[in-house]
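Dropping a structure here in structure tokens format, bear with me for questions.
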Amino acid sequence: MDETKTLAPAVRSILRAADERAEPEGRVSVDGRSLTAAIEASDGTDRTPIIAEVKPTSPTTDGTRTGDPVAIAREMEAGGATALSVLTEPEHFGGSTDALERVRDAVEVPVLRKDFLQSEAQLDAVAADAVLLIARFVDDLPALLTGARDRGMEALVEVHSREELAAAIDAGATLVGVNNRDLATLEVELATFERVAPDAPEDVTLVAESGIANQADARRMRAAGADALLVGTAIMDGDVRDRTRELVAA
């Protein structure tokens with residue numbers, strides 16, 4: 001793992017909490033809905049594939065959204081979301097595995113588990129169609145990729161630089177998210193995706209993450225090669241169905 005001294009204090013706190021979390025008992029097995037296939041199916045239409053995120057709060061947002069995660073998820077799906085992302089990190093994002101389980105039971109689209117996973121055992125906390133693996137924070141990315149696939153889950157491997165992208169590809173990642181937010185500083189720069197994306201092989205499905213606030217941002221990321229967009233705050237900070245529909249139309 002990278003030296004945590006270079007990270008924003010909030011991120012260091014998140015990682016400490018992840019290390020201290022009790023490991024679940026048992027092992028999950030998932031008949032997963034394919035996130036990649038859903039993105040490809042949406043990409044063949046006039047819609048922008050949106051992974052809409054059920055995001056109660058975060059270290060970079062003000063306040064906490066207290067709505068029922070299932071009701072929010074259904075509004076996102078009704079707005080045309082290709083897939084959903086659900087936070088399961090409890091202390092800093094207000095998420096829970098219970099929320100993910102309830103959302104997945106209530107919708108038909110793939111559901112991504114968003115968390116700071118660092119060990120294979122943490123994959124067993126809840127069944128999801130896909131899991132986020134942040135390349136910077138994983139000691140053995142190939143092992144976690146294999147562990148996720150063995151459980152029936154896809155892995156969205158998050159990177160922030162060309163070097164991390166190369167490591168993700170070497171580890172066998174085929175679904176890659178480029179985070180426009182630098183987790184060392186928590187600052188967002190849409191140009192990050194534009195710098196990193198050209199180095200991705202053509203057969204890799206690319207997701208642009210963070211900082212997408214409106215249709216103009218969505219079109220910019222699509223023009224830079226994004227196959228899908230992961231959007232949380234811009235959807236949660238308004239009428240969820242309408243915000244989702246607007247971005248899908250971009």
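Throughout, read-outs are computed from the coordinates displayed, never taken from laboratory work. Not measured: the values here are computed from a predicted model. Methodologically, a virtual Cβ is constructed for each residue, glycine included, from the backbone with ideal geometry; neighbour enumeration extends over all protein chains shown.
Measure off 7 Å from each Cα along the Cα-to-Cβ vector at Leu190 and Thr6, then give the distance between these two points in nanometres to one decimal.
Distance between the two pseudo-spin positions: 2.7 nm.
Could you quote the convex hull projected area for the stretch 175-250, Cα atoms only and averaged over all directions, in nm²?
Values: hull surface 20.3 nm².
Convex hull of Cα atoms, orientation-averaged projection: 5.1 nm².
Related question: In percent, what relative contact order does the stretch 154-246 have, based on Cα pairs under 8 Å that are 6 or more apart in sequence? Could the numbers behind the result be given before it?
Values: 139 pairs, mean separation 21.6, N = 93.
Computed value for the stretch 154-246: 23 percent relative contact order.
Considering the chain, what Rg and Dmax in Å follow from its alpha-carbon atoms?
That works out to 16.4, 45 Å for Rg and Dmax.
To continue, here is another question. Per 10 Å bin, what is the whole-percent P(r) computed from every C-alpha pair distance within the stretch 31-86?
22, 44, 27, 7
Relative contact order for the stretch 103-227: what percent, with Cα pairs under 8 Å and sequence separation of 6 or more? Show your work: numbers first, answer last.
Values: 203 pairs, mean separation 21.4, N = 125.
The normalised contact order for the stretch 103-227 reaches 17 percent.
Determine the dipole magnitude for the chain: charges of +1 sit on the beta-carbon of Lys and Arg, -1 on that of Asp and Glu, nothing else is charged, the reference point is the Cα centre, and the result goes in debye to the nearest 20.
Details: 26 positive and 47 negative charges, 100 e Å.
Charge dipole, the chain, about its Cα centre: 480 debye, nearest 20.
What are the equivalent ellipsoid semi-axes of the stretch 24-156, built from the alpha-carbon gyration tensor (square roots of five times its eigenvalues), in whole angstrom, biggest first? Intermediate values should be presented prior to the final figure.
Details: eigenvalues 96, 74, 39 Å².
They are 22, 19, 14 Å, listed from largest to smallest.
While we're here: Please give me the summed charge of the neighbours of Glu120: other residues whose Cβ is under 15 Å from its Cβ, Lys and Arg +1, Asp and Glu -1. Can you show the working numbers first?
On the way: positive: Arg21, Arg27, Arg113, Arg149, Arg151; negative: Asp19, Glu23, Glu25, Asp115, Asp124, Asp139, Asp140, Asp150.
Charge balance near Glu120 sits at -3.
How would you rank 227-234, 71-78, highest first, on the average number of other Cβ atoms within 10 Å across their residues?
Working: 227-234: 23.8, 71-78: 20.4.
Listed from highest to lowest mean packing, they are 227-234, 71-78.
Sort 16-22, 28-34 by packing, meaning the average of other beta carbons within 10 Å per residue, with the highest value first. If you can, show how the numbers build up before the last one.
Details: 16-22: 12.6, 28-34: 14.6.
With the highest mean Cβ count within 10 Å placed first, the list reads 28-34, 16-22.
Restrict the search to the stretch 155-250; then list the GluC sites (Glu not before Pro) that DSSP places in a loop and that have at most 12 other Cβ atoms within 10 Å of their Cβ.
Values: sites: Glu158, Glu163, Glu164, Glu187, Glu189, Glu194, Glu202, Glu209, Glu246; in loops: Glu189, Glu202.
Of the GluC sites (Glu not before Pro), the ones in loops of the stretch 155-250 whose Cβ has at most 12 other Cβ atoms within 10 Å are Glu202.
Please list 143-151, 79-87 highest first by mean number of surrounding beta-carbon atoms within 10 Å per residue.
On the way: 143-151: 17.9, 79-87: 26.0.
By packing density, highest mean first, the sequence is 79-87, 143-151.
What is the chain's relative contact order, in percent, from Cα pairs under 8 angstrom and six or more apart in sequence?
Numbers: 522 pairs, mean separation 57.3, N = 250.
Once divided by the residue count of the chain, the mean separation gives 23 percent.
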